[in-house]
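*Asks:* Quick one: this structure, given as structure tokens, is what I'll be asking you about.
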Amino acid sequence: MLAHAIFFYFFSILAIFSALMVITSRSTVNSVFFLILDFISVGCLFIMVGAEFLGMILLIVYVGAVAVLFLFVVMMLNVAQQKQSWFVGQKSTHIPSGLIVSVLILLELLVVVGGWKYKENIMSSSNLVIDKSMTNTHSIGSVMYTDYILYFQLSGVILLLSMVGAIILTYRKRENVKTQSYLKQISRDKASAVMLKDVEFNKGVKIDD
Amino acid sequence: MDYFITLINEIYKILFLVIPILVSVAMIVWLDRRVWGLVQKRRGPNVVGPFGLFQTLADALKYIFKEIIIPASANKTIFILAPIITMTLALVAWAVIPLSETLVLSDINVGILYLFAISSLGVYGIIMGGWASNSKYPFLGAIRSAAQMVSYEVSIGIIIINVLLCVGSLNLNDIVLAQKNLWYVIPLFPMFVVFFISALAETNRPPFDLPEAEAELVAGYQTEYSGMMYAMFWLGEYANILLMCAMGSILFLGGWLPPLDIYPLNIVPAPFWMIFKILFLFFLFAIIKAIVPRYRYDQLMRLGWKVFLPFSLIYVVLTASFLLYFDKLPKGSF
């Protein structure tokens, strides 16, 4: 158990430390790097409690895709300059909304931590049978696609909708942009591509509409 | 005391895995350059050692003795961390690759997810190196490669789902054993092709080497690196390529299984077949590098999102319906 304890404390201290560094570090890019470190250490904690599927999915989805896009955006926008106007200016509207959100999260945490001692009652009241011999990938699959299929599908539809919405909000069809059309290029032949024209003096021809 | 014995035992096993990989990376670079040269009717490296085999070792020696230059405006920590991350991630993934049924460092339940996770982390080495260099070409290269690797990961993920549907387990040994009668390259041949091309894009190999397109971006994210740090990027890149070849041979070519379970073939030891298949896939990688021109960036994105993604999604539906209709879905032991 000693090795287990050492690894647990190592990863949890790393997780808390990097979570603190996310909000305290000066440079936004460093914050994102610490966020990634946090994701990785939480993933390792998941693996340590035996939820290896969740841990790996956390690594794949959050570290492999979401955090890359975070990093991408933070590097592209120069957030360091905008930071000034948020806190120094009088018109700051971010602090009240931030406060509301953090109070809500605190309440949620209180409920979770407070309800921890009733964990056994909740577990015994549910009619889910936990089969110890299954790997947790199999057990998640067998529950997700049977008992919770509606919620699963619903969350998928919500994600799809938000993706479509984001595309509709940001997509602008620009006029007069030359795009490559493979069909047009392939279907071009000698008859349509080569033509003979009498060019009038001093007028020229118009090529390639 | 027990812990120490286990620890030393594990370290010994890890060294026994890592050192052959590093040596084979050196050999594979030689093979790559040699094939490239022969396709172009050149000789390739043939001076140092027999057939030029020690060329890469000589190169590595040269890199070790070169000065490491860190640009004045670079973010020092991240700049140094980037090549280390690239190389570590490339080596760490080998822990789960089975060379035979027993010859594997850790035979974990979610082997294929682990491989996928590690290969998707590979983008950080590049993006950190590009950003920390604080220079325009590395940054452009890093942005390109981030977008490219994220896009092609999606299709690789869906291809893995195809294989998993047929296997019913995430364990790499189970995936290999499930191909005992039929390698998945036969029923899933289109997926093998898509996987191969996505692997090229994922490892930034030509024709998808846009992150380091020398004509536009000098050397992409590696522009500011020198000496051993550059060599580490380079080693990591080739170790990643070998890893992708190993993944391809496990998913589609039956891993360490012999092609046919008949007399002269099945007495050959299993690691030989695994290494042979990895080398075969790498040979294809090397040939592609020599014969295909580089893609344009918008074509690359189009191929990833508009061709491969819908195609592999449709193939998932087809595979699932086929398995369901003929009642061939893996029942498993659970």
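The values are calculated or read from the model by the stated rules, or taken from the named source; none is laboratory data. No experiment lies behind these values; they were computed from the predicted model shown. When we count neighbours, we look across all protein chains shown, and the Cβ atoms used for this are built from the backbone with ideal geometry, even at glycine. Keep in mind that these areas ignore ligands, DNA and RNA; they rest on the heavy atoms of the full protein, side chains included. Shrake-Rupley method; radii C 1.70, N 1.55, O 1.52, S 1.80 Å.
*Asks:* What FRET efficiency comes out for B:Leu265 versus B:Lys136 if R0 is 51 angstrom and r is the Cβ-Cβ distance? Round to the nearest 0.05. Mind dumping the intermediate values first?
*Replies:* Working: r = 54 Å, r/R0 = 1.07.
So, using R0 = 51 Å, E works out to roughly 0.40.
*Asks:* Based on the alpha-carbon gyration tensor of the stretch A:1-83 and its eigenvalue square roots a ≥ b ≥ c, which shape applies: rounded if a/c is under 1.5, prolate if not and a/b is larger than b/c, or oblate? Walk me through the numbers before you get to the answer.
*Replies:* Values: a/c = 4.92, a/b = 1.77, b/c = 2.77.
It is oblate, given that a/c is not under 1.5 and a/b is not larger than b/c.
*Asks:* In chain A, once you exclude exposed trypsin sites (Lys or Arg not before Pro) (DSSP loop, at most 13 other Cβ within 10 angstrom), what's the longest stretch remaining?
*Replies:* Working: sites that count: A:Arg26, A:Lys91, A:Lys132, A:Arg172, A:Lys173, A:Arg174, A:Lys178, A:Arg188, A:Lys197, A:Lys203, A:Lys206.
Result for the longest clean stretch: A:27-90.
*Asks:* I need the peptides B:316-329, A:151-164 ranked by packing, meaning the mean over residues of other C-beta atoms within 10 angstrom, with the highest value on top.
*Replies:* On the way: B:316-329: 12.2, A:151-164: 10.5.
Going by the mean number of other Cβ atoms within 10 Å, highest first, we get B:316-329, A:151-164.
*Asks:* Next question, about the same structure. Could you work out which residue, out of A:Val101, A:Val74, A:Val29, moves most in a Gaussian network model of chain A, that is, has the largest mean-square fluctuation with Cα springs under 10 Å?
*Replies:* Per the Cα network of chain A with a 10 Å cutoff, A:Val101 tops the list.
*Asks:* What FRET efficiency, computed as 1/(1 + (r/R0)^6) with R0 = 51 Å and r the Cβ-Cβ distance, is obtained for A:Leu20 and A:Asn176, rounded to the nearest 0.05? Before the final figure, lay out the partial values.
*Replies:* Working: r = 51 Å, r/R0 = 1.01.
Efficiency at R0 = 51 Å is approximately 0.50.
*Asks:* So how much accessible surface do B and A hide from each other in total, probe 1.4 Å, in square angstrom to the nearest 100?
*Replies:* Numbers: alone 16800 and 18470 Å², together 32850 Å².
Interface area, both chains combined: 2400 Å², rounded to the nearest 100.
*Asks:* Return the distance in nm (one decimal) between the two label points of a simple spin-label model at A:Met1 and B:Phe272, each offset 7 Å from Cα along Cα→Cβ.
*Replies:* Using points 7 Å along Cα→Cβ, the separation is 5.0 nm.
*Asks:* Lys/Arg Cβ at +1, Asp/Glu Cβ at -1, dipole of the stretch B:1-57 taken about the Cα centre: which of B:Pro50, B:Leu7, B:Ile19 is farthest positive-ward?
*Replies:* B:Pro50
*Asks:* Using the structure shown, list the pairs from A:Lys184/B:Lys306; B:Lys180/B:Lys277; B:Lys136/B:Lys289; B:Lys41/B:Lys289; A:Lys173/B:Lys306; B:Lys180/B:Lys331 with a Cα-Cα distance above 20 Å, or answer none.
*Replies:* On the way: A:Lys184/B:Lys306 18 Å; B:Lys180/B:Lys277 15 Å; B:Lys136/B:Lys289 26 Å; B:Lys41/B:Lys289 14 Å; A:Lys173/B:Lys306 18 Å; B:Lys180/B:Lys331 17 Å.
Result: B:Lys136/B:Lys289 exceed 20 Å.
*Asks:* Another one. List the aspartates and glutamates whose alpha-carbon lies under 13 Å from that of A:Lys206, not counting same-chain residues fewer than 8 positions away?
*Replies:* In chain and number order, the partners are A:Asp198.
*Asks:* Now for a different question. Mean projection of the alpha-carbon convex hull of chain A over all orientations, in nm²?
*Replies:* Working: hull surface 96.4 nm².
Directional mean of the projected Cα hull area for chain A stands at 24.1 nm².
*Asks:* When the Kirkwood hydrodynamic radius is evaluated over all pairs of different C-alpha atoms of chain B, what value in angstrom, to one decimal, is obtained? Can you show the working numbers first?
*Replies:* Working: mean 1/r = 0.0475 Å⁻¹.
21.1 Å is the Kirkwood radius here.
*Asks:* A further question follows. For peptide A:155-168, compute the average count of partner chain beta-carbon atoms within 10 Å of each residue's beta-carbon. Mind dumping the intermediate values first?
*Replies:* Details: counts 0, 0, 0, 0, 0, 0, 0, 0, 0, 0, 0, 0, 0, 0.
For peptide A:155-168, the averaged partner shielding equals 0.
*Asks:* Let me ask something else about it. What order, most packed first, do the peptides A:8-17, B:135-144, B:25-34 have when packing is the mean number of other Cβ atoms within 10 Å of each residue? Don't skip to the end; give the middle numbers.
*Replies:* Working: A:8-17: 14.4, B:135-144: 22.0, B:25-34: 20.1.
Highest to lowest by the protection proxy: B:135-144, B:25-34, A:8-17.
*Asks:* What percentage of the solvent-accessible surface of the stretch B:91-158, computed with a 1.4 Å probe over protein heavy atoms, is contributed by carbon and sulfur atoms?
*Replies:* Numbers: 1170 of 1850 Å².
Carbon and sulfur together cover 63 percent of it.
*Asks:* Peptides A:37-46, B:254-263: what's the order by average Cβ count within 10 Å, highest mean first? Can you show the working numbers first?
*Replies:* Values: A:37-46: 20.3, B:254-263: 16.2.
Highest mean packing first, the order is A:37-46, B:254-263.
*Asks:* Taking only Cα atoms, what is the 0 to 90° angle, nearest 10, from helix A:79-88's long axis to the longest principal axis of chain A?
*Replies:* The answer is roughly 60 degrees.
*Asks:* Something else now. Of the heavy-atom accessible surface of chain A (probe 1.4 angstrom), what whole percent is carbon and sulfur? List each step's numbers first, then the result.
*Replies:* Numbers: 11990 of 17260 Å².
Reported share for carbon and sulfur atoms: 69 percent.
*Asks:* Just to confirm, what accessible area per residue do you get for the stretch A:1-83 at 1.4 Å probe, in whole Å²? Show your work: numbers first, answer last.
*Replies:* Details: 4670 Å² over 83 residues.
With the other protein chains kept in place, the stretch A:1-83 gives 56 Å² per residue.
*Asks:* Using a simple charge model, +1 on the beta-carbon of Lys and Arg, -1 on the beta-carbon of Asp and Glu, nothing else, what dipole does chain A show about its Cα centre, in debye to the nearest 20?
*Replies:* Details: 16 positive and 12 negative charges, 160 e Å.
So the magnitude is around 760 debye.
*Asks:* Per the helix-only calculation at 222 nm, which mean residue ellipticity applies to the protein assembly as shown, given -39500 (n - 2.57) for every DSSP H run of n ≥ 4 and division by its residues, nearest 500 deg cm²/dmol?
*Replies:* On the way: 25 runs with 356 residues, N = 543.
Calculated mean residue ellipticity at 222 nm is -21000 deg cm²/dmol.
*Asks:* What's the magnitude of the charge dipole for the protein assembly as shown around its Cα centre, counting Lys and Arg as +1 and Asp and Glu as -1 at the beta-carbon? Answer in Debye, nearest 20.
*Replies:* Working: 37 positive and 31 negative charges, 312 e Å.
In debye, rounded to 20, the protein assembly as shown gives about 1500.
*Asks:* Per residue, how many Å² of accessible area does the stretch B:69-325 show with a 1.4 Å probe? Walk me through the intermediate numbers first.
*Replies:* Values: 9740 Å² over 257 residues.
Averaged over the residues of the stretch B:69-325, the accessible area is 38 Å².
*Asks:* Based on alpha-carbon positions alone, could you give the equivalent ellipsoid semi-axes of the protein assembly as shown from the gyration tensor, as √(5λ), descending, whole Å?
*Replies:* Working: eigenvalues 291, 238, 173 Å².
For the protein assembly as shown, the ellipsoid semi-axes come out as 38, 35, 29 Å.
*Asks:* Hey, what angle do you get for helix B:270-291 against the long axis of chain B, alpha-carbon based, 0 to 90 degrees rounded to 10?
*Replies:* The angle comes out at about 50 degrees.
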